[in-house]
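J.: Sending over a structure as structure tokens; questions will come in a sec.
The values are calculated or read from the model by the stated rules, or taken from the named source; none is laboratory data. A quick note: this is a predicted structure, and the numbers were derived from the prediction, not measured. Glycine also receives a Cβ, built like all others from the backbone with ideal geometry; neighbour counts cover every protein chain displayed. Remember, those area values only see protein heavy atoms, side chains included, never the ligands or the DNA or RNA. Shrake-Rupley method; radii C 1.70, N 1.55, O 1.52, S 1.80 Å.
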Amino acid sequence: HVSARRFVTFMGAVMDLFQIHLYFPNNCVARRFIYDNWPHDHVRRVDWVTGAAIMTQRGIFKQCGMLDDRFFMYFEDMDFCMNVKRAGYEVYFSPEFTVVHEHAKGGSHSLPVRRVDYFISLNQNLQKHKGCLAGAIFRMCMVLWGGIYLFIRVVKYCIRGKQTSFSDQIDVPLRLI
């Protein structure tokens, strides 16, 4: 798992929400976001790195601020790197260092719940950095996707029978809505 990423664009966020990368895995927006177009064997300037891999001087934190605690999880590291760049510094990826990041250790073990938390934080990030209109439009997309997801889960529940409780089936889509 490579820790360097580009800043999320509004279109990239919408494509991520609707999981376009699953249907078109080699699309240029997803590949550009994850820096899939260059070898990761040398130091390179990047937009941001994941929080598990951030190393910086204490003075940078004093000048740019700590990680924004309004983000429960996800995108607080991107937000910090945006602040670092605004302050005139650069962010670099270095293959010399290896960080072992235990995924799903700090939040829910349920992938659908983690995805909802991810999109809530993504929406907060869009509002903060792209403006209220971008945040509102993305929020409407979340409601649309939540409605589609809810419909799919209800249909599956009706077809498969009562293998799990109805509330378990609708909890995640309702969190999106």
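J.: Of all accessible surface on the chain at a 1.4 Å probe, what whole percent is carbon and sulfur?
T.: 59
J.: By accessible area of protein heavy atoms, probe 1.4 Å, what ranking do Arg175, Arg70 get, highest first?
T.: Order by accessible area, largest first: Arg70, Arg175.
J.: Right, here's the next one. Under the rule of -39500 (n - 2.57) per DSSP H run of 4 or more residues, summed and divided by the residues of the chain, what mean residue ellipticity at 222 nm is obtained, to the nearest 500 deg cm²/dmol?
T.: -17000 deg cm²/dmol
J.: Something else now. Write down the accessible area per residue of the chain in Å², having rolled a 1.4 Å probe over the full set of protein chains.
T.: That works out to 62 Å² for each residue.
J.: Quick one, can you get me the convex hull of the C-alpha atoms of segment 64-177 expressed as volume per residue in Å³?
T.: In segment 64-177, the Cα hull volume divided by residue count equals 135 Å³.
J.: Calculate the spin-label point distance for His101 paired with Phe24, positioning each point 7 Å from the Cα along the beta-carbon direction, and give it in nanometres.
T.: 2.6
J.: Find the lysine pairs in the chain meeting two conditions, Cα atoms under 21 Å apart and a separation of 8 or more places or different chains, and report how many there are. Intermediate values should be presented prior to the final figure.
T.: Working: Lys62/Lys85; Lys62/Lys128; Lys85/Lys128; Lys85/Lys130.
Lysine pairs meeting the criterion: 4.
J.: How much length is gained if the chain between Arg175 and Trp38 is pulled fully straight, taking 0.36 nm per residue apart and subtracting their Cα-Cα distance, in nm to one decimal?
T.: The Arg175-Trp38 span can extend by a further 45.6 nm.
J.: Now for a separate question. With the crude spin-label approximation of a point 7 Å out along Cα→Cβ, what separation in nm comes out for Ile148 versus Thr164?
T.: 2.0
J.: Can you give the FRET efficiency to the nearest 0.05 for Ala52 and Phe10, using r as the Cβ-Cβ distance and R₀ = 25 Å?
T.: Efficiency, rounded to the nearest 0.05: 0.45.
J.: Working from the pairwise distances between different alpha carbons, so that the mean of 1/r is found and then inverted, what is segment 1-83's Kirkwood radius in Å?
T.: The Cα-based Kirkwood calculation yields 14.2 Å.
J.: Among the GluC sites (Glu not before Pro) within segment 1-99, which fall in a DSSP loop and have no more than 10 other Cβ atoms within 10 Å of their own Cβ?
T.: Sparse-neighbourhood loop GluC sites (Glu not before Pro): Glu90, Glu96.
J.: Also: If you wrap a convex hull around the alpha carbons of segment 1-146, what volume per residue comes out, as a whole number of Å³? Don't skip to the end; give the middle numbers.
T.: Working: hull volume 17.8 nm³, N = 146.
For segment 1-146, the hull spanned by Cα atoms encloses 122 Å³ per residue.
J.: Between His129 and Asp69, what is the label-point separation in nm under the 7 Å Cα-to-beta-carbon projection?
T.: A separation of 2.2 nm, rounded to one decimal place.
J.: Out of all Cα-Cα pairs in segment 129-177, roughly what percent, to the nearest whole number, are more than 15 Å apart? Write out the running numbers ahead of the final one.
T.: Numbers: 588 of 1176 pairs.
Value for segment 129-177: 50 percent of Cα pairs lie more than 15 Å apart.
J.: Rounded to the nearest 20 Debye, what is the dipole magnitude of segment 1-64 about its Cα centre when Lys and Arg each give +1 and Asp and Glu each give -1 at the C-beta?
T.: About 280 debye.
J.: Also: So what's the gap between the Cα centers of segment 113-177 and segment 28-45, to the nearest angstrom?
T.: Result: 29 Å between the Cα centres.
J.: Please express the Cα-Cα pair-distance distribution P(r) of segment 48-94 as a list of whole percents, one per 5 Å bin, running from 0 to the bin with the greatest distance.
T.: 5, 22, 36, 26, 9, 1
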